[in-house]
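Note sheet for the following structure.
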Amino acid sequence: MRQLPQALTPASIAQRNLEESQQPQSFFDDFAKSVTLYRDDDIWVIDKPHGLLSVDGKELKVSLQSRLLKADPNVKLIHRLDMDTSGIIIFARHSEAQTHISKQFIERIPSKEYQALVWGTPPQQGEIDVPVRYDPPQKPKHIVDMNWDKRAYTKYETLHHELREGKAVSRVALHPVTGRSHQLRVHMLHIGHVMLGDPIYAQDVLGGQAFDLSPRLCLHAHKLRLKHPNTGVWMEWESPVPF
């Protein structure tokens, strides 16, 4: 069985923070260049690597945002991706752009598409409209709670089916209408199609078989479409799916 990554200890967190703080400026400049999909005076579109926090945690100070700030001290956060998720994330380069795009997200104007590999064979298409909330006793898990008052809504379509190590799996396109934490992961688990390699949700179902089928969470922010905050022109970006 695939082993979970070792939990970070206070000592290992301190070591990673120290190593990050000692990197030369060229490290952060090269990193920023390597992950950039698009950049202008207003926005910065990034292809986030798997396994990197979007923003600094309470203890671990190694994240996408902190690295970008080393290259551009004016960069502004708009939204986040889970540490285990890769793909497109957009930052603003000044406060006006941050406000404009944040309002777009609140009004659900942007179009987002994720791709995932999931266990089993889901229907050709479907909608999942069940609330998702954080569950403190199972930190960092989220759960479906039908009594929760915040809607979580996802549309999906199945792109194709395949076999992995003799197990039926499927590639799906996911279109989150709302943006709750862990929404896509919990929604697919809820309908019986947990994501491959998920270190939080896949190890406790199916005897860990879906967890073992991939060395990483198979969830990627594949496409993003929104209005440019300055010109008002619709823009779209696509990141190749790495699994």
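The values are calculated or read from the model by the stated rules, or taken from the named source; none is laboratory data. Computed from a predicted model, the values in this text were never measured in an experiment. A quick note on method: Cβ atoms are made from the backbone with ideal geometry, for glycine too, and the neighbour counts reach across all protein chains shown. Accessible surface areas use protein heavy atoms only, side chains included; no ligands, DNA or RNA. Shrake-Rupley method; radii C 1.70, N 1.55, O 1.52, S 1.80 Å.
Assorted remarks:
- Residue pairs whose Cβ atoms lie under 8 Å apart, separated by 6 or more positions or on different chains, with the first residue in region 146-157 and assigned by the TED database to the domain that holds V172 and the second surrounded by 12 or more Cβ atoms within 10 Å (Cβ to Cβ) and of a type in the set (K, R), are W148/R133; K150/R133; K150/R180; A152/R180.
- Residues in region 202-243 that are open to solvent by 10 Å² or more (accessible area, probe 1.4 Å) and touching a helix residue (DSSP H, G or I) at 6+ places or on another chain (Cβ under 6 Å) were compared, and the one that is nearest to K48 (Cα to Cα) is P229.
Residue-by-condition table, conditions (1) over 18 Å from K223 (Cα atoms); (2) surrounded by 16 or more Cβ atoms within 10 Å (Cβ to Cβ); (3) of a type outside the set (A, V, I, L, M, F, W, C):
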site: I88; (1), (2), (3): no, yes, no
site: I101; (1), (2), (3): no, yes, no
site: R108; (1), (2), (3): no, no, yes
site: G126; (1), (2), (3): yes, no, yes
site: P137; (1), (2), (3): yes, no, yes
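- Residue match in region 156-177 (condition: crowded, with 20+ Cβ neighbours inside 10 Å, touching a Lys or Arg at 6+ places or on another chain (Cβ under 9 Å) and assigned to a helix (DSSP H, G or I)): no
- Any hit, region 5-20, residues being surrounded by 13 or more Cβ atoms within 10 Å (Cβ to Cβ), on the phi > 0 side of the Ramachandran plot and not in a loop (DSSP other than H, G, I, E, B): no
- Only a single item in (1) under 20 Å from A97 (Cα atoms); (2) in contact with a helix residue (DSSP H, G or I) (Cβ under 9 Å, 6 or more places away or on another chain); (3) of a type outside the set (F, W, Y); (4) surrounded by 15 or more Cβ atoms within 10 Å (Cβ to Cβ) is not met by V45, and it is number (2).
- Region 59-81 residues that are touching a residue at least 12 places away in the same chain (Cβ under 8 Å), paired with ones that are hydroxyl-bearing (S, T, Y) and open to solvent by 10 Å² or more (accessible area, probe 1.4 Å) (beta carbon under 7 Å, 6 or more apart): K76/S95; I78/S102
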